[in-house]
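Since the structure comes first, as structure tokens, the remarks are kept for the end.
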Amino acid sequence: MKPFAILSLFVFFGLVAAWSKEDYEIFGLQNDVATNEGANVTFYDLLEIRPNANQEQITKAYRKKSRTIHPDKVKRAFIANYAKDKGKAKSNKGVNVNKGPTQREIDAAVRDADARSARLNLVANVLRGPNRERYDHFLKNGFPLWKGTGYYYSRFRPGLGSVLLGLFLVFGGGAHYAALILGWKRQREFVDRYIRQARRAAWGDEMGVRGIPGIDSIAAPPLPPLNPVTLKRMMDKENKKDKKGGARVSARASGTSPPTEQTASTGERKRVVAENGKTLIVDSIGNVFLEELNEAGERQEFLLDIDQIERPTLRETMVCKLPVWCFNKTVGRVLGTSPEEVDSDEAEEPLVEEAETTATSNARSRKRGKRSQRS
């Protein structure tokens, strides 16, 4: 047999064996009482006592109730009441002969009294025996229903809205966040490989520090190259992101940041061409810069740093973005410009100014470095 079939068989037997013999007796008696005495009638209601009654009170109530519904007493009361009811029903004047009930009617009343008496006896035995605690448990937590093959609790069946909401939270929240984290880790690995390959091509060492003459007498053996197919595939994805963003490269999207005075290249620089044709510049301390041309034809350098790639947050998942997008498309249009557009417009202006100033300062520092080397 297949493992799934064996597991299903064990689960089925576990569900069947969940109730004991005494539990089935309580369930059957409860259904019998609810059918004949009333849907909400409990064992305590049948004896006309409180749920916290002691054994003496239960016995006293049982004796009183059993005398009331005893078959012999019910038979005599039925015959007497039958004659009175028939006499009241007739309103014609004259001599009226009251006929008693038929034997069939008497037998039916006696059978009903016998059933009620037997039911009362079983209820009293449950409340006076060890099964009372079990009955109180089901009375508090609810009785299971008969489903054809056994007693089962009614399970919650979510509607269409609940199912859609659950799927949105699972896939739009958890799965989307897991995908963002996975992409973030792959992006960091890609940028780290990119930097190591550029350092190895420039100085022959992944650490990126140029060797000092007289110390590194033996050249380090060349490291095995990266898989070109994998690297080219990852770089093609990066190129698509760069083309979508235009000349301005975002630090969050590509792991690069605009050059500043603190991250300006230091000492001797070496230009390296990557496999995808992009130009990389490696300085003497191991900083790797991506060189690109802007719309004006000027060259700009962007520092490659894996620490600039920010870790995704829950705000970037579909659970948070979709409500904001719906708000901006509906209520946001009526109220005015959305706050995200205002923030993005205000953030672009200082970014452009900072890029222009840092590019100018970087060019000046390179000229000073060349003059110092010539001297």
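Quick one: which of 199, 157, 134, 193 is modelled with pLDDT of 90 or more, out of contact with any His (no Cβ under 8 Å at 6 or more places or on another chain) and basic (Lys, Arg)? Let's see the steps before the verdict.
Working: 199 fails: modelled with pLDDT of 90 or more; 157 fails: modelled with pLDDT of 90 or more; 193 fails: modelled with pLDDT of 90 or more.
134 is the lone residue from the list that is modelled with pLDDT of 90 or more, out of contact with any His (no Cβ under 8 Å at 6 or more places or on another chain) and basic (Lys, Arg).
Run residue 306 past the list (1) modelled with pLDDT under 55; (2) closer than 30 Å to residue 185 by Cβ; (3) within 41 Å of the chain's Cα centre (by Cα) and report the number of the one that doesn't hold.
For residue 306, the failing item is (1).
Suppose we filter region 100-142 for residues that are within 14 Å of residue 25 (Cα to Cα), in contact with a helix residue (DSSP H, G or I) (Cβ under 8 Å, 6 or more places away or on another chain) and loosely packed, with under 14 Cβ neighbours inside 10 Å; how many remain?
1
Has region 143-151 got at least one residue that is out of contact with any helix residue (DSSP H, G or I) (no Cβ under 6 Å at 6 or more places or on another chain), in the same structural domain as residue 49 (by TED's automatic domain parsing) and not in a loop (DSSP other than H, G, I, E, B)?
yes
Pick from 299, 333, 311, 315: which is in contact with a helix residue (DSSP H, G or I) (Cβ under 7 Å, 6 or more places away or on another chain) and at pLDDT 55 or above? Talk me through it step by step, then tell me what you get.
Working: 299 fails: in contact with a helix residue (DSSP H, G or I) (Cβ under 7 Å, 6 or more places away or on another chain); 333 fails: in contact with a helix residue (DSSP H, G or I) (Cβ under 7 Å, 6 or more places away or on another chain); 315 fails: in contact with a helix residue (DSSP H, G or I) (Cβ under 7 Å, 6 or more places away or on another chain).
Step by step, each of 299, 333, 311, 315 is checked, and only 311 is in contact with a helix residue (DSSP H, G or I) (Cβ under 7 Å, 6 or more places away or on another chain) and at pLDDT 55 or above.
Suppose we filter 118, 77, 109, 113 for residues that are at pLDDT below 85 and in the same structural domain as residue 33 (by TED's automatic domain parsing); which single one remains?
Details: 118 fails: at pLDDT below 85; 109 fails: at pLDDT below 85; 113 fails: at pLDDT below 85.
Selected residue: 77, the only one of 118, 77, 109, 113 that is at pLDDT below 85 and in the same structural domain as residue 33 (by TED's automatic domain parsing).
Which residues, counting only those in region 270-301, are in contact with a Gly (Cβ under 8 Å, 6 or more places away or on another chain) and in contact (Cβ under 8 Å) with a residue 24 or more places away in the chain? Explain how you work it out, then say what you get.
Filtering region 270-301 for residues in contact with a Gly (Cβ under 8 Å, 6 or more places away or on another chain) gives 282-288, 295.
282, 284, 285, 286, 287, 288, 295, listed by residue number.
Contact list please: Cβ distance under 6 Å, first residue in region 175-202 and under 27 Å from residue 272 (Cα atoms), second residue acidic (Asp, Glu) and at pLDDT 85 or above, pairs at least six apart or on different chains.
Listed by first residue and then by second, the contacts come to nothing, as the list is empty.
Looking for whichever is closer than 13 Å to residue 126 by Cα, modelled with pLDDT of 50 or more and surrounded by 14 or more Cβ atoms within 10 Å (Cβ to Cβ) here; the options are 24, 44. Which one fits?
Among 24, 44, only 44 is closer than 13 Å to residue 126 by Cα, modelled with pLDDT of 50 or more and surrounded by 14 or more Cβ atoms within 10 Å (Cβ to Cβ).
The values are calculated or read from the model by the stated rules, or taken from the named source; none is laboratory data. Just so we're clear, the structure is a prediction, and the values are computed from it rather than from any experiment. Reconstructed Cβ throughout: ideal geometry from the backbone, glycine too, with neighbour counts over all protein chains shown.
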